[in-house]
Amino acid sequence: MNQFIQAVKCGFLTCQKRIQDDSNSDTNIRSHQNSPAQRTLIAVSGGADSMALLRALQCLAQSSDPLIPPDGLIVAHLNHGLRGTASDEDTEWLKQECRHLSLPCVTEKQELNQGPDSGLEEQCRTARYDFLTRVAIAKQCPQIAVAHTLDDQAETVLHHIIRGTGITGLRGIPQTRVLQQGLHLIRPLLQISREEVVEFLNVCGQGYRNDESNSDTSFTRNRIRHQLLPLLKKEFNANVVQSIQRLSQQAEEVTSVINSEVDQILTASTLDRNQETWRLDCLVLQKSPDYLVRQCFLKIWQEMNWSRKRMGFDHWQRLLELTQSGQKLSLPDQVEAERRDKLLILRRRNHIHQ
């Protein structure tokens with residue numbers, strides 16, 4: 001039990017250090033331990049992973065360790081209402097558990113569109129993070145802890161590979177993520193397996209809820225969890241989850257190097273930019289490796305807040321080819337690329353004549 005709590009503490013500290021590093025801070029973990037502790041909002045569904053996170057963080061808050069103050073934890077739960085009375089029962093059960101543990105609990109119910117082509121998974125995800133962000137701001141919590149585990153990481157990487165991905169997709173789930181200025185998402189359980197989670201709950205006698213939808217193999221992720229990963233463990237490598245995690249870590253390190261190179265190329269090739277248009281020097285792009293140039297375009301789309309959902313590999317490749325020859329290229333979501341001699345202009349079509 002203590003070993004699990006120490007592992008969660010290590011994950012929590014790793015998240016804090018990453019946040020500091022992202023903020024270009026020189027503060028290390030030791031100095032953070034001596035800094036004022038902050039409130040943490042815990043996203044809790046009532047399932048095994050989130051209940052283990054809740055109990056472990058509560059143990060840390062109740063200890064003499066200043067990492068989490070005694071009143072520094074708030075529980076948040078969103079009821080999507082997808083399973084009727086079962087969803088409502090999960091909410092009531094969690095509220096009762098929080099009362100027993102003397103933890104404040106914020107709950108909300110939202111009815112989602114369950115029609116065909118409704119993109120239910122994406123709707124749930126968007127609604128959940130919108131809810132968590134609202135609660136975190138209202139409760140003055142600078143960080144939201146979610147309970148993704150080592151197994152979730154493996155499932156995510158496999159999912160990316162199956163759909164088609166590059167090096168960045170092999171990173172899987174990041175340890176931390178900026179939701180907005182002053183608000184971070186943290187994942188203290190990302191180095192802990194689901195088996196360890198269940199063992200911890202059994203030892204401390206903590207119950208949890210089972211969501212039947214997690215067993216629905218009509219969802220790709222559930223097929224990966226219940227069919228593909230067990231097959232890989234049984235027939236190929238019993239430690240496949242750990243192997244995928246090592247791949248994920250290496251991909252993250254490689255991506256860091258790539259991002260540094262991309263920043264240099266973008267700085268050298270950007271002639272000017274504004275809210276609607278980005279102008280680039282084709283000569284600089286032509287001298288750069290093709291992969292890095294495609295990554296430059298990805299970063300431009302991100303910074304310009306242009307949707308990449310409909311941008312496939314062929315689109316990025318045609319854009320790369322335009323740096324060598326051609327005149328115009330129409331891309332998804334009203335984006336147009338135009339080459340004028342050695343100048344490449346990227347812009348939204350509704351801004352072309354302005």
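Among residues of segment 257-269 that are closer than 12 Å to P289 by Cβ, those with a Cβ under 7 angstrom from a residue that is surrounded by 13 or more Cβ atoms within 10 Å (Cβ to Cβ) and not aliphatic (A, V, I, L, M), sequence gap 6+ or separate chain, pair up as I258/Q295; V262/Q295; V262/C296; V262/K299; I265/S288; I265/C296. Taking the criterion of being within 16 Å of S193 (Cβ to Cβ) and within 18 Å of the chain's Cα centre (by Cα), the residues of segment 218-245 that qualify are I244, Q245.
So, of the residues in segment 274-310 that are hydroxyl-bearing (S, T, Y) and within 20 Å of T165 (Cβ to Cβ), which turns out to be farthest from the chain's Cα centre (by Cα)? Looking at the filtered set, the residue picked out is Y291. I'd like to check something: does segment 317-337 contain any residue that is outside the structural domain of I162 (by TED's automatic domain parsing), loosely packed, with under 13 Cβ neighbours inside 10 Å and in a strand (DSSP E or B)? Yes, the conditions are met somewhere in segment 317-337. Is it the case that L247 is within 18 Å of L170 (Cα to Cα), touching a residue at least 40 places away in the same chain (Cβ under 8 Å) and either in contact with a Lys or Arg (Cβ under 6 Å, 6 or more places away or on another chain) or assigned by TED's automatic domain parsing to the domain that holds T168 (or both)? Against the criterion (within 18 Å of L170 (Cα to Cα), touching a residue at least 40 places away in the same chain (Cβ under 8 Å) and either in contact with a Lys or Arg (Cβ under 6 Å, 6 or more places away or on another chain) or assigned by TED's automatic domain parsing to the domain that holds T168 (or both)), L247 does not qualify.
Where strands (runs of 3 or more DSSP E) fall entirely within segment 58-172, those with at least 2 residues that are closer than 17 Å to D211 by Cα, in contact with a strand residue (DSSP E or B) (Cβ under 8 Å, 6 or more places away or on another chain) and not hydrophobic (A, V, I, L, M, F, W, C) are at 73-79. Within segment 246-273, restricting attention to residues that are of a type in the set (S, T, N, Q), in a helix (DSSP H, G or I) and within 25 Å of K342 (Cα to Cα), the residue that is nearest to the chain's Cα centre (by Cα) is N259.
With respect to (1) surrounded by 15 or more Cβ atoms within 10 Å (Cβ to Cβ); (2) farther than 20 Å from D152 by Cα; (3) touching a residue at least 24 places away in the same chain (Cβ under 8 Å), the lone exception for V284 is condition (3).
Being on the phi > 0 side of the Ramachandran plot and exposed (fewer than 12 other Cβ atoms within 10 Å of the Cβ) is a condition met by no residue of segment 231-240.
The set of residues in segment 338-352 being assigned to a strand (DSSP E or B), of a type outside the set (D, E, K, R) and surrounded by fewer than 14 Cβ atoms within 10 Å (Cβ to Cβ) consists of L343 alone.
As for segment 196-207, it holds no residue that is more than 23 Å from the chain's Cα centre (by Cα), small (G, A, S), surrounded by 15 or more Cβ atoms within 10 Å (Cβ to Cβ) and modelled with pLDDT of 95 or more. Restricting attention to segment 180-206, the residues being assigned to a helix (DSSP H, G or I) and in contact with a Lys or Arg (Cβ under 7 Å, 6 or more places away or on another chain) number 1.
Screening the candidates R209, R221 for the property of being assigned by TED's automatic domain parsing to the domain that holds G84, within 24 Å of H77 (Cβ to Cβ), touching a residue at least 60 places away in the same chain (Cβ under 8 Å) and part of a helix (DSSP H, G or I) yields one hit, R221.
The values are calculated or read from the model by the stated rules, or taken from the named source; none is laboratory data. The model shown is predicted, which means the values in this text are computed figures rather than measured ones. Neighbour counts run over all protein chains shown; Cβ positions are idealised from the backbone, glycine included.
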